[in-house]
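J.: Questions regarding the structure given below will be posed in turn.
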Amino acid sequence: MSTPGRAGKAGQGLQLAPFRGLRYVPERVGSLAAVTSPPYDVVVRPDGLRHLETADPHNIVRLILPQAASAADRHRLAADTLRRWQEEHVLAADPEPALYVYEQRGGGILQRGLIGALRLSPREEGVVLPHEDVMPHIVEDRAALMRGTGANLEPLLFSYRGNGSTTGAAAVIDRVTGTEPLLSTTTDDGYAHRLWSVTDPHDLETIGKDLSQQHALIADGHHRWATYLRLRAEQPAPGPWDFGLVLLVDTARYPLRVRAIHRLLHRLPVAQALEALKGSFRVRTIDGPLPEALDALTEVSEASGASGEAGNAFVLAGDGRFHLLDRPDPDLLARVVPTDRPEAWRTLDATVLHSVLLEHVWQVPDNPENISYIHETAAAVKQAERHGGTAVLMHPVQEDVVRELAEQGVTMPRKSTSFGPKPATGLVLRSLALN
């Protein structure tokens, strides 16, 4: 593949380049489903990691979350494993550069998009819009892993808003999905996955012309996007590091599902958290079960607009019961929440959680020793109960709010949202040596 140059005018739009995908050879693995994994940051539980490692000796988790005594050893192990799998023909490159149409279907959701190598661009170009801050230690770890393996192991999830028509990229996707796919598999979560390659020059030109008029929101993958940018700065230009692996989804046709990411406070017991809350939030105890507590959270979050009161609400768990927090003290909000951001940012649950509860009321430092970020509600509650900490369960923010803030250049507190369904890791990789 000839690699386009790094330079690009601001506002030129998305540039998605074809690449030679590195894919599992079906005959060399137990099944395609057995070698896939959720994204690295969703595999948070040790039992989940062990399940994936034992599902197949070639499961992709051995590359994205290698296990060794030190960080350097982990990254070296991943690089050695990737090289060995290619030598053993467990992974093989497709014969020619392609864009890939990717489909996920399950749970009443149909999602289709394009996987390709997206030209990297800084925030100021306005082509790729981040909406969350990142944690430097995670970027450092992902950078060392990508640097060592020389590969983009997981496609990031990006969204863009087409015009709703069935022309351009949409027409290519619709036609291609009526043909025989490169691969088809169903993963343990019940989602069916299909992948097609697009190599026809006319189709590639049609897609390129359409996407050049679009900008994208980072739906999932802020740390890996920051890693892409960091690694690009280390490399001579132009070159393959000017691009990063992404899945682009047109949300005008395939709306994403938005879920919250919950917090697990390792060193703060629920009793201590509740004691510190006196006078700052209304607190009501719900005996359970968990779905009832989540329904109550949804009810107060969505009904707050009519009352005119601050609508921030959370559920605390970890002591066998559920505690609904709502109606924060307006004077406290006015005093503690920073005033240099738009109102939409100041009223976010994540903003109030971090600025008011974590920093002011509980004084919990935002670092891995004190806080974990967990996507699964039940897992957050279970870990809090098991280790004597506090799970803070949150209500998801709407995609329109996320996009509005991103277009203003305003970032939300990190791990504010979880967009999905996320692409399965392991269906197609990008080796920098091949592209």
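J.: Restricting to DSSP loop positions (anything but H, G, I, E, B) with no more than 11 other Cβ atoms inside 10 Å of their own Cβ, which trypsin sites (Lys or Arg not before Pro) remain in segment 72-149?
T.: none
J.: OK, next. Once phi is turned into ³J(HN,Hα) by the Karplus curve 6.51 cos²θ - 1.76 cosθ + 1.60 with θ = phi - 60°, what whole-Hz value does each residue of segment 192-198 show in order, with x for glycine and proline?
T.: Karplus values, whole Hz, x for Gly and Pro: 8, 10, 9, 9, 10, 9, 10.
J.: Oh, and also: Taking the highest mean first, how do the peptides 214-221, 328-335 order by number of other beta carbon atoms within 10 angstrom per residue?
T.: Output ranking for 214-221, 328-335: 214-221, 328-335.
J.: Under the classification rounded if a/c is under 1.5, otherwise prolate if a/b is larger than b/c and oblate if not, where does segment 217-269 fall, given a ≥ b ≥ c as square roots of the Cα gyration tensor eigenvalues? Walk me through the numbers before you get to the answer.
T.: Numbers: a/c = 5.81, a/b = 1.35, b/c = 4.29.
Note, shape of segment 217-269 comes out oblate.
J.: Separate question: Tell me the per residue accessible area of segment 326-435 using a 1.4 Å probe; a whole number in Å² is fine.
T.: On the way: 4320 Å² over 110 residues.
It amounts to 39 Å² per residue over segment 326-435.
J.: Taking amide H positions as placed 1.01 Å from N in the peptide plane, with prolines and chain starts having none, which residues 5 or more places from residue 432, or on another chain, fall under 5 Å of its amide H?
T.: Those qualifying (amide H under 5 Å, at least 5 residues apart or on another chain) are 151, 152.
J.: Using only DSSP helix segments of four residues or longer, with each worth -39500 (n - 2.57), what per-residue ellipticity at 222 nm results for the chain after dividing by its residue count and rounding to 500?
T.: -9500 deg cm²/dmol
J.: For a test of the definition: using alpha carbon positions, the gyration tensor, and the 1.5 limit on a/c, classify segment 343-435 as rounded, prolate or oblate.
T.: Working: a/c = 2.02, a/b = 1.25, b/c = 1.62.
Since a/c reaches 1.5 but b/c is at least a/b, the shape of segment 343-435 is classed as oblate.
J.: Once R0 is set to 22 Å, what does the formula 1/(1 + (r/R0)^6) return for the Cβ-Cβ distance between residue 343 and residue 302, expressed as a FRET efficiency to the nearest 0.05? Provide the component values of the computation, followed by the final result.
T.: Details: r = 18 Å, r/R0 = 0.84.
In this case the efficiency is close to 0.75.
J.: Separate question: How high is the relative contact order of segment 177-250, in percent, with contacts defined as C-alpha pairs under 8 Å that are six or more residues apart? Walk me through the numbers on the way to the answer.
T.: On the way: 34 pairs, mean separation 12.1, N = 74.
Reported relative contact order: 16 percent.
J.: Let me ask another. Round to a whole number: what % of the accessible area of the chain belongs to carbon and sulfur, probe 1.4 Å?
T.: Roughly 49 percent, rounded to a whole number.
J.: What does the highest-first list of 175-184, 416-425 look like by mean Cβ count within 10 Å? Walk me through the numbers on the way to the answer.
T.: On the way: 175-184: 12.9, 416-425: 23.7.
Answer by packing, highest mean first, reads 416-425, 175-184.
J.: Assign one of three labels to segment 9-110, namely rounded, prolate or oblate, based on the Cα gyration tensor with a ≥ b ≥ c the square roots of its eigenvalues; rounded applies when a/c is under 1.5, prolate when it is not and a/b is larger than b/c, and oblate otherwise.
T.: Judged from the Cα gyration tensor, segment 9-110 comes out rounded (a/c under 1.5).
J.: Also, quick follow-up: In whole Å, what is the distance between the alpha-carbon centres of segment 252-282 and segment 356-435?
T.: Going from one Cα centre to the other spans 11 Å.
J.: In the full protein assembly as shown, how much of residue 359 is accessible to a 1.4 Å probe, in Å² to the nearest 10?
T.: Per-residue accessible area (residue 359): approximately 120 Å².
J.: Just read off the accessible area of residue 254 with the full protein assembly in place, 1.4 Å probe, to the nearest 10 Å².
T.: 20
J.: Further question: Taking Cα pairs under 8 Å and at least six residues apart, what relative contact order does the chain come out at, in percent? Numbers along the way, then the final one.
T.: Numbers: 844 pairs, mean separation 108.0, N = 435.
25 percent.
J.: Next question. Could you do me a favour and compute the accessible area per residue for segment 72-206, 1.4 Å probe, result in Å²?
T.: Numbers: 5590 Å² over 135 residues.
On a per-residue basis, 41 Å².
J.: Another question about this same structure. Taking only protein heavy atoms into account and a 1.4 Å probe, give the accessible area per residue of segment 221-292 in Å².
T.: Details: 3070 Å² over 72 residues.
Computed with neighbouring chains in place, this is 43 Å² per residue.
The values are calculated or read from the model by the stated rules, or taken from the named source; none is laboratory data. None of these values were measured; they are calculated from a predicted model. Here the Cβ is made from the backbone with ideal geometry for all residues, glycine too, and neighbour counts use every protein chain on show. These accessible areas exclude ligands, DNA and RNA; they are computed on the full protein's heavy atoms, side chains included. Shrake-Rupley method; radii C 1.70, N 1.55, O 1.52, S 1.80 Å.
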